[in-house]
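Engineer: Okay, handing you the structure first.
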Amino acid sequence: MAKQVGSILTAAAPIAQVAAAVHKAVYQKPRRSFKYLLMVGMGESWSIERLGLSDPRRYDGANPVPAYDLVDALGMSIHVTYRQDGVGTSAAIVGFGFDPPKAAILHSEKFAQRTAELLAEVGVQASVDKLKA
């Protein structure tokens, strides 16, 4: 039986535009309208960096991907792996280091929803689904 491990964001936009929305989700102070802003520090104490192909912190194995972001805060992290999907982009969003581990699923889903909302603000259609292992 497959279990949920994170979220998958699918957007009708190139990788660069989705990655820009991910960065904005980290750094832009959220508006009150985002229901899921109970995430500690989101928009305040989180940081983001692009990981190179040989970086040992990557969790996608040896599979080379065009872009890979690490959103990090005090030992907890959200890994975002982007893939070109036809005319759009799919981004796998998975949390690591959360306690309890079930919180990683919640945080990755909330982060994916926040990113989808930011894409919608600029007219990009995006959807969020569960990522199964």
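Engineer: Could you name every one of the strands (runs of 3 or more DSSP E) located completely within region 1-88 that has at least 1 residues being at pLDDT below 80 and either open to solvent by 90 Å² or more (accessible area, probe 1.4 Å) or over 18 Å from Leu119 (Cβ atoms) (or both)?
Structural biologist: Output list reads 4-11, 67-73.
Engineer: Another question, if that's okay. Could you check region 98-112 and list, in sequence order, the residues that are open to solvent by 60 Å² or more (accessible area, probe 1.4 Å) and without any contact (Cβ under 8 Å) to a residue 60 or more places away in the chain?
Structural biologist: Result: Asp99, Pro100, Pro101, Lys102, Leu106.
The values are calculated or read from the model by the stated rules, or taken from the named source; none is laboratory data. The structure displayed is predicted, hence computed values, not measured ones. We place every Cβ from the backbone using ideal geometry, glycine too, and count neighbours over all the protein chains shown. Keep in mind that these areas ignore ligands, DNA and RNA; they rest on the heavy atoms of the full protein, side chains included. Shrake-Rupley method; radii C 1.70, N 1.55, O 1.52, S 1.80 Å.
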